[in-house]
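Computed from the coordinates by the stated procedures, all read-outs in this text should not be read as laboratory data. Here the structure is a predicted model, which means the values were calculated and not measured. Cβ atoms come from the backbone with ideal geometry, glycine included; neighbour counts cover every protein chain shown.
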Amino acid sequence: MKYKIILAALMAGSFFMAKAQEKAKPEDTETWDPIPKVVTPGNTFRDAPSDAIVLFDGKNLDEWVQADDQSAAKWNVKGDILTVNKQYGNIETKHKFTNYQLHLEWRVPASITGSGQARGNSGVFLASLGKGDAGYELQVLDSYNNKTYVNGMAGSIYKQAIPLANPGRKPGEWQTYDVIWTAPVFNADGSVKSPAKATVFFNGVLVENNFELKGPTLYIGKPEYKAHGAAPIKLQAHGDKSEPLSYRNIWVREL
Ligand code: MG
């Protein structure tokens, strides 16, 4: 009798230990090599072409709302520059997009502090799928001499695609993203007909070449698609303690 109780206790103990080991951790989906080669970029700043929808040109935030409650966007606008307001969280476009070409410029403050993912972290969700960080994130981060997992550096599709090069400029300098986004297509039963695809130029250098996403980008766990339609573009107010970064000259062309 006593043995049976001890045996049952041992089995229960190993069961719970196995369960604890099964629990997914953020580290499970980090990749640390190969480290993309450093490339010094040329000039890549460009004005919106005539058929673009201007999402931000310094005048106002009329095209944006707070992502969590759809109230007026509360990030800070000053002299053509939009700065993240971490207090209020992510903002997203009022307009919903399917396939598009996007241009935007971002800058990590010269006085940035912190390291790894806690150094100038933001992000461009190429399609926002609701509150918080739901969606497909193109990472924005200081990646100039800042070591982190390579599938989480600037130019990565977060935890899915390592950038093909690292053309990042140093903190205090403006950087550009030019993105071609092909939205995922779903069958009537919700299964994936064709996955989302992203091509990304970071400071004019190709860093993602028609990459097929595995699903929405996740901090923990394996991505899985869930059917959705046209979606806003969302900018991330990341919760780290480093100084907030800025954006300017954001425009999009629908395809
Ligand atoms: Mg981010």
Check: Non-local amide H neighbours of Asn166 (under 5 Å, H modeled in plane, Pro and chain starts lacking H): which ones?
Finding: Lys37, Val38, Val39
Note to self: Could you work out how much longer the chain between Arg253 and Lys147 gets when fully extended? Use 0.36 nm per residue separation minus the Cα distance between them, nm to one decimal.
What the structure shows: 34.8 nm
Note to self: Give me the one-decimal nm value for the distance between modelled label points at Lys170 and Thr98, 7 Å along each residue's Cα-to-Cβ direction.
What the structure shows: 4.6 nm
Checklist line | Gain upon complete extension [Asn187, Glu30; 0.36 nm per residue less C-alpha separation] | finding: 53.4 nm
Next item on the list: Could you calculate the FRET efficiency of Val39 with Ala110 from 1/(1 + (r/R0)^6), where r is the beta carbon distance between them and R0 is 25 Å, rounded to 0.05?
Entry: 0.70
Next item on the list: For every helix of n ≥ 4 consecutive DSSP H residues, a contribution of -39,500 (n - 2.57) applies; sum these over the chain, divide by its total residues, and give [θ] at 222 nm rounded to the nearest 500 deg cm²/dmol.
Entry: -3000 deg cm²/dmol
Checklist line | Shape category assigned to segment 31-254 from the gyration tensor of Cα positions, a/c cut at 1.5 | finding: rounded
Notebook entry, point to check: So, counting K/R as plus one and D/E as minus one, what does the shell of residues with Cβ under 12 Å around Arg107 add up to?
Noted result: -2
Notebook entry, point to check: Roughly what angle does helix 2-22 make with the longest principal axis of the chain, taking Cα atoms, 0 to 90 degrees, to the nearest 10?
Noted result: 10 degrees
Notebook entry, point to check: Glu224 versus Lys59, label points 7 Å from Cα toward the beta carbon: distance in nm?
Noted result: 4.5 nm
Notebook entry, point to check: Expressed as a rounded percentage, what relative contact order does the chain have, with Cα pairs under 8 Å and six or more residues apart?
Noted result: 29 percent
